[in-house]
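Asker: Before I ask anything, let me first share the structure, which is written out below as structure tokens.
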Amino acid sequence: MAKSQLLHLSPCTLRRNHLEQTKSPEDNTDLFEMIEKMQGCRMDEQRCTLPPTLKTEDDYIPYPSVHEVLARTSPFPLILLPQFGGYWIEGTNHDLNSPPETEQLLSPTARIKLECNTTAKLFRKHFLGKEHFNYYSTDSALGHLVFSMKYDVIGDQEHLRLLLRTKLKTYHDVIPISCLTEFPNVVQMAKLICEDVNVDRFYPVLYPKASRLIVTFDEHVISNNFKFGVIYQKFGQTSEEELFGNSEESPAFVEFLELLGQKIELHDFKGFRGGLDVAHGQTGTESVYYNFRNKEIMFHVSTKLPYTEGDTQQVACLPVLSEYRTTA
């Protein structure tokens, strides 16, 4: 079936649907406002519920203090819980008596799992810059809906690629046209990927830059920039002042930093700076940076931040260290 023929299949063809819906209703919802509301709803969904009020010290059976742990012989635990609780830690089921095999960790065939939101990039990959149609509507239960569809040829088969966004999630599917008894209208297309859709019609998006606006909405959940704090702790150090007072690096710590990334000069650095000063040197002259599959990572290394002799609080680098300070 040729693409030109696809648009003339039946009385309920895509072209007719598109032309019939070019008349905007009197109560049209502004596309900008709709996408802003949908994005706000999704951001609310990403926020976690605050934990209940912390218990008092009398409600806990105290964990060993850091001083008690250091007084023992090795091996020492990788994770040391606060003496009176206060938060939970996941993924710490390690065995101190069976260290990991170095050969296995360094294997060049080891697979790296990088979690990413593939749905967020579907519009950019398959729709942006290609012929497609965008529609919008409002569902009494699902809220604002933004629907995109395009004709695709995969192999020798013709398909409809459908992408429906609601305030909670995005639905995507590729439907072979040969599987359809008749060519669906826009509402029927939306129901193919989400049966809960309950609207009378979709309205075409006629704004020239709508696709750019939609791709921005789809990708607002993606982050390609990350920053992590790396704090050097010598054996026996237990206080915050001792940790942030370390200005010299041991050979083992230097080796560890080389494992994390490359040492870079901050002055005029053009990559992701992670809040570090790249113009006036107020956060030091160098740092550790790594670009992993277009994900930029900047490490805030405590020993590379400005150090003032005699200043136990290290006021000069307080804006950076405040993110990693502990509370007693």
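Asker: From the protein chains alone at 1.4 Å, what is the descending order of accessible area for Thr138, Thr285, Thr73, Thr119, largest first?
Answerer: Correct descending sequence by accessible area is Thr73, Thr285, Thr138, Thr119.
Asker: Pick out, in residue order, every one of the trypsin sites (Lys or Arg not before Pro) in region 224-309 that is DSSP loop and has at most 13 other C-beta atoms within 10 Å; say none if there are none.
Answerer: Of the trypsin sites (Lys or Arg not before Pro), the ones in loops of region 224-309 whose Cβ has at most 13 other Cβ atoms within 10 Å are Lys234, Lys270, Arg293.
Asker: Once you've got the Cα coordinates, tell me which of Lys121/Lys209; Lys234/Lys270; Lys169/Lys263; Lys37/Lys130 are over 29 Å apart.
Answerer: Lys234/Lys270; Lys169/Lys263
Asker: Kindly write out, for region 199-214 in residue order, the coupling ³J(HN,Hα) from the Karplus curve 6.51 cos²θ - 1.76 cosθ + 1.60 (θ = phi - 60°), rounded to whole Hz, with x marking Gly and Pro.
Answerer: Per residue, the Karplus-derived 3J(HN,Hα) values read 10, 7, 6, 10, 10, x, 7, 10, 6, x, 9, 4, 4, 5, 5, 5 Hz.
Asker: If you filter region 185-277 for chymotrypsin sites (Phe, Trp or Tyr not before Pro), then keep DSSP loop positions with at most 14 other Cβ within 10 Å, what is left?
Answerer: For chymotrypsin sites (Phe, Trp or Tyr not before Pro) across region 185-277 that sit outside H, G, I, E and B with at most 14 neighbouring Cβ atoms in 10 Å, the list reads Phe235.
Asker: With every protein chain in place, what's the accessible area of Ser223 (1.4 Å probe, Å², nearest 10)?
Answerer: 60
Asker: Any chance you could check the Cα centroid distance between region 127-161 and region 228-289 for me, in angstrom?
Answerer: Each part's Cα centre sits 47 Å from the other's.
Asker: Once every Cα of region 158-236 carries one equal point scatterer and solvent is ignored, give the base-10 log of I(q)/I(0) from the Debye formula at q = 0.18, 0.27 Å⁻¹, two decimals.
Answerer: The computed values of log10 I(q)/I(0) come out as -0.94, -1.38.
Asker: Here is a further query. Using the basic label-point model (7 angstrom from Cα toward the beta carbon), what is the Ile231 to His67 distance in nanometres?
Answerer: Modelled inter-label distance: 1.9 nm.
Asker: At what distance in nm do the modelled label points of His280 and Thr138 sit from each other, each positioned 7 Å from its Cα along Cα→Cβ?
Answerer: Reported label-point gap for His280 and Thr138 is 4.9 nm.
The values are calculated or read from the model by the stated rules, or taken from the named source; none is laboratory data. None of the values given here were measured: they were computed from a predicted structure. A quick note on method: Cβ atoms are made from the backbone with ideal geometry, for glycine too, and the neighbour counts reach across all protein chains shown. Quick note on the areas: whole protein, heavy atoms, side chains included, nothing else; ligands and nucleic acids left out. Shrake-Rupley method; radii C 1.70, N 1.55, O 1.52, S 1.80 Å.
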